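Values in this text are rule-based calculations from the coordinates and carry no lab data. Model, not experiment: these values are computed from the prediction. All Cβ positions, even for glycine, are placed from backbone atoms using ideal geometry, and neighbour counts span all protein chains on display.
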């Protein structure tokens, strides 16, 4: 990839991180209060999915990559996804970056094919912390074709 194209991709990546940073941080702040209560966590995610524009699916992952919420879509909750091991998903290689105490904000992962929609997908994630401890992450799956031009 030439430098010009690489720079443009980096700018778009950063712009998307900024777009999702505030909504995901707000959701993470609400989720930390109910992190260890699955039903209440599902409720918080369901009530707040609309804060995250263009989000097709939102869910919570613990610090080891295990899903601790249901899959939440606008108007529906799928409890079957609870407990699945997501540690080998394409975005999970980035969890170590998100664990870094110096890292704050939204993190956009590389595109992959969603197991839920069977279409291209990108996941934007935000850490859920209690003090200096990373409890896990809020993950929002997005359809790249529906994202705004940034």
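Could you work out how much longer the chain between residue 88 and residue 63 gets when fully extended? Use 0.36 nm per residue separation minus the Cα distance between them, nm to one decimal.
Details: separation 25, 0.36 × 25 = 9.00 nm, distance 1.31 nm.
That pair, residue 88 and residue 63, stretches by 7.7 nm at full extension.
Using 0.36 nm times the number of residues separating residue 76 and residue 118, minus their current alpha carbon distance, what extension gain do you get? Walk me through the numbers on the way to the answer.
Values: separation 42, 0.36 × 42 = 15.12 nm, distance 1.81 nm.
Fully extending the segment from residue 76 to residue 118 adds 13.3 nm.
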- Could you sort 65-78, 124-137 so that the peptide with the highest average Cβ count within 10 Å comes first and the rest follow in order? 124-137, 65-78
- Query: If we count other beta carbons within 10 Å of each Cβ, what is the order of 17, 52, fewest first?
  - Reply: 17, 52
